[in-house]
Amino acid sequence: MEICAATKGDLEGVRLLYRELFCRMALLEPAYFQPADQNQEFLEKILEHDLSALLVAKEGEEVLGLVLLTEMHTAPYDCLVPHTYGYLMDLVVESGQRSQGIGTQLIRAARRWSEKRGHAYLELGVLNSNLRAAELYEREGFSPVMTTMRLPLGQN
């Protein structure tokens, strides 16, 4: 297995993984997520964007997993220490390939990408109900910094 930058030839496999990710998120939090396909144009723009990276784990030509990263800057508030950091937007491993170290290797590749860019840290969000993912991130050195809380209002 190798981890490399995605190419246009990988995008069909990437879209299948995104479909799996979005379906899983909809199962975990159906009030906020629904099954969907990732936008092809969005993926193509990511491949061309200098401040983002789409890395894939591949066995031959088969895409087994992906990590999507982007460079961010802290908001311009006087109380915040200014930082440039990496944001891990998405991580998904094909369901039949989980628990084989692919996610760990993708996280480590994301860390290397961020370190090479001189980022202060690597950040991500994880659903509270996605315990396996949270455990993986914690094993790789991530720790909670802030919790997002919601108060549902009315009926939709």
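The values are calculated or read from the model by the stated rules, or taken from the named source; none is laboratory data. Here the structure is a predicted model, which is why all the values come from computation and not from measurement. Don't worry about glycine lacking a Cβ; one is built from the backbone with ideal geometry, like all the others, and counts go over all protein chains shown.
Suppose we filter segment 112-147 for residues that are within 12 Å of the chain's Cα centre (by Cα) and either under 19 Å from Val56 (Cβ atoms) or surrounded by 15 or more Cβ atoms within 10 Å (Cβ to Cβ) (or both); how many remain?
Counting residues in segment 112-147 that are within 12 Å of the chain's Cα centre (by Cα) and either under 19 Å from Val56 (Cβ atoms) or surrounded by 15 or more Cβ atoms within 10 Å (Cβ to Cβ) (or both) gives 6.
Any chance segment 3-21 includes a residue that's within 19 Å of Thr70 (Cβ to Cβ), part of a loop (DSSP other than H, G, I, E, B) and either over 15 Å from the mean Cα position of the chain (by Cα) or among the hydroxyl-bearing types (Ser, Thr, Tyr) (or both)?
yes
I'd like the full set of residues that are out of contact with any Lys or Arg (no Cβ under 8 Å at 6 or more places or on another chain) and either assigned to a helix (DSSP H, G or I) or surrounded by 14 or more Cβ atoms within 10 Å (Cβ to Cβ) (or both), limited to segment 30-54.
Phe33, Glu41, Phe42, Lys45, Ile46, Glu48, Ser52, Ala53, Leu54 - these are the residues of segment 30-54 that are out of contact with any Lys or Arg (no Cβ under 8 Å at 6 or more places or on another chain) and either assigned to a helix (DSSP H, G or I) or surrounded by 14 or more Cβ atoms within 10 Å (Cβ to Cβ) (or both).
Count, please, the residues in segment 127-156 that happen to be among the small types (Gly, Ala, Ser), free of Cβ contacts under 8 Å to residues at least 12 places away in the same chain and outside any loop (DSSP other than H, G, I, E, B).
1
Give just the number: which of (1) in a loop (DSSP other than H, G, I, E, B); (2) modelled with pLDDT of 95 or more; (3) in contact with a helix residue (DSSP H, G or I) (Cβ under 8 Å, 6 or more places away or on another chain); (4) surrounded by fewer than 16 Cβ atoms within 10 Å (Cβ to Cβ) does Thr104 not satisfy?
Among (1) in a loop (DSSP other than H, G, I, E, B); (2) modelled with pLDDT of 95 or more; (3) in contact with a helix residue (DSSP H, G or I) (Cβ under 8 Å, 6 or more places away or on another chain); (4) surrounded by fewer than 16 Cβ atoms within 10 Å (Cβ to Cβ), Thr104 violates only (1).
Answer yes if at least one residue in segment 59-78 is over 16 Å from Val92 (Cβ atoms), touching a Ser or Thr at 6+ places or on another chain (Cβ under 6 Å), at pLDDT 95 or above and not polar (S, T, N, Q), and no otherwise.
Yes, some residue in segment 59-78 is over 16 Å from Val92 (Cβ atoms), touching a Ser or Thr at 6+ places or on another chain (Cβ under 6 Å), at pLDDT 95 or above and not polar (S, T, N, Q).
Taking only pairs six or more apart or across chains, which ones have beta-carbon atoms under 6 Å, a first residue in segment 33-44 that is without any contact (Cβ under 8 Å) to a residue 24 or more places away in the chain, and a second residue that is surrounded by 12 or more Cβ atoms within 10 Å (Cβ to Cβ)?
Phe33/Met25; Phe33/Ala26; Gln34/Ala26; Pro35/Phe22; Pro35/Cys23; Pro35/Ala26; Ala36/Phe22; Asp37/Arg19
In this structure, is Gly96 closer than 21 Å to Met25 by Cα, surrounded by fewer than 18 Cβ atoms within 10 Å (Cβ to Cβ) and either touching a strand residue (DSSP E or B) at 6+ places or on another chain (Cβ under 8 Å) or not basic (Lys, Arg) (or both)?
So Gly96 fits the description; yes.
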